[in-house]
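**Q** Once you've had a glance at the structure underneath, I'll fire off some questions.
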Amino acid sequence: MAEPPRVYVTRALPAEALGPLQGVAEVQGWPEAEVPVPRDVLLAAAARADGLLVLLTDRVDVDLLAAAPRLRGVSTMSVGHDHVDVAACTRRGIPVCHTPDVLTETTADLAFALLMAAARRLYEGQRAVVQGRWPAWSPFFLAGHDVHGQTLGIVGLGRIGQAVARRARGFDMRILYSGRRERLEAAELGARRVPLQELVAQSDFVVLLAALTEETRHVVDADLLARMKPTAILVNAARGGLVDEAALVRALREGRIAGAALDVFEREPLPVDHPLLDLPNVVAVPHVGSATVATRMAMARLAAQNLADALAGRRPRYCLNPETLA
Ligand code: DGY
């Protein structure tokens, strides 16, 4: 009887989520839930693996592929895949799978929560209460910005961008978007496509939901920030690399924009001495866009199912390079 494929999982995940791999693969993994697998351990594991189930903290690059002669499938428990060299995998004929759809609504909830938190200065309010800096009710104490009726600019009207737009409709917002192509869904959402520079100039809230690619790296730079309204708020729920953080810090310090609400950073975890954290008008959370129990379970299960399918020669539900499939 043929040996079952060997799978390495780079983080401790609930056994229930790995169900699709049980009985069809020999599954081993890094035992920690909150500490990423060290690179040398991953390379050693990859050397004997037919399949890898990875997270966005693991780099799947040419060096890893060179160390993994048997590799036949890579599945990431994330929708974003900038940590995987998909082109290099394709050259090796290795399918790469990811987990869109199951996290769309949850991530849109978080993006909208960030927008609301920054607009209504919730974090500053929490700190004022906790630190005993709550004066008597005062006319303009912690006065923020309205959300309803304002203009929302969505950079990247993909699945999550559309879900944010649906929420914005409930707040009677005017919706603009920018992106490489016209989206058919935009008309139904009441969203109008404009060039990025126009989007930032007109929007009260600019929400980043584009994928990180060489084209989009630092798309929010000093020039773009200078075009935003001084009352505008930047929200990033996609990837830290979309924003030139040094330029963002300068723009916030100089009052060129009103605030930022960030789930993602150029370097994660964000160092505690990062200048962004000294700014009162910054809301920062630790890359938790999809972090609900139900959604993370769905992502883990889908990642396992995708990998099981790829290794069995079946068509995985979400494959980034379907040309590798027979
Ligand atoms: C992703 O899936 O890419 C998110 O950043 C984490 O859910």
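**Q** Could you tell me which residue of region 77-132 is surrounded by the most Cβ atoms within 10 Å (Cβ to Cβ), considering only residues that are in contact with a helix residue (DSSP H, G or I) (Cβ under 8 Å, 6 or more places away or on another chain) and small (G, A, S)?
**A** Per the criteria, the residue is A111.
**Q** Of the residues in region 79-89, how many are within 12 Å of the ligand (Cβ to nearest atom) and either closer than 12 Å to V60 by Cβ or not assigned by TED's automatic domain parsing to the domain that holds D50 (or both)?
**A** Residues flagged as within 12 Å of the ligand (Cβ to nearest atom) and either closer than 12 Å to V60 by Cβ or not assigned by TED's automatic domain parsing to the domain that holds D50 (or both) within region 79-89 amount to 4.
**Q** Test D221 against the criterion of being assigned by TED's automatic domain parsing to the domain that holds I94 and at pLDDT 95 or above, and give yes or no. Steps first, please.
**A** On the way: assigned by TED's automatic domain parsing to the domain that holds I94: no; at pLDDT 95 or above: yes.
No; evaluated as a whole, the condition is false for this residue.
**Q** I've got another one for you. From the list L279, L242, L270, exactly one residue is buried (at least 20 other Cβ atoms within 10 Å of the Cβ) and out of contact with any Lys or Arg (no Cβ under 6 Å at 6 or more places or on another chain). Which is it?
**A** On the way: L279 fails: buried (at least 20 other Cβ atoms within 10 Å of the Cβ); L270 fails: buried (at least 20 other Cβ atoms within 10 Å of the Cβ).
Unique residue meeting the criteria: L242.
**Q** Output the number of residues of region 2-35 satisfying the condition of being more than 27 Å from the chain's Cα centre (by Cα) and farther than 17 Å from D50 by Cα.
**A** 0
**Q** Another one. Which residue is nearest to the ligand (Cβ to nearest atom), if the candidates are limited to region 235-284 and must be among the acidic types (D, E) and in contact with an Asp or Glu (Cβ under 6 Å, 6 or more places away or on another chain)? Spell out how you get there, then give the answer.
**A** Of all residues in region 235-284, those among the acidic types (D, E) come to 244-245, 254, 263, 266, 268, 273, 278.
Those still in the list that are in contact with an Asp or Glu (Cβ under 6 Å, 6 or more places away or on another chain) too: 244-245, 266.
Working: D244: 20, E245: 17, E266: 14 Å.
It comes out as E266.
**Q** Restricting attention to region 93-113, does a residue exist that is under 21 Å from T57 (Cα atoms) and away from the ligand (no atom under 16 Å from the Cβ)?
**A** yes
**Q** Still on this structure, I have one more. What tally of residues in region 30-78 results from selecting those that are small (G, A, S), away from the ligand (no atom under 16 Å from the Cβ) and farther than 19 Å from P5 by Cβ?
**A** Keep residues of region 30-78 that are small (G, A, S), which gives 33, 44-47, 49, 51, 66-68, 73, 75, 78.
Of the ones still in play, those that are also away from the ligand (no atom under 16 Å from the Cβ) are 44-47, 49, 51, 66-68, 73.
Those left that are additionally farther than 19 Å from P5 by Cβ: 66.
Total meeting the criteria: 1.
The values are calculated or read from the model by the stated rules, or taken from the named source; none is laboratory data. Every value quoted in this text rests on a predicted model; they were computed, and no experiment measured them. FYI the Cβ positions are ideal-geometry reconstructions off the backbone, even for glycines, and counts take in every protein chain you see.
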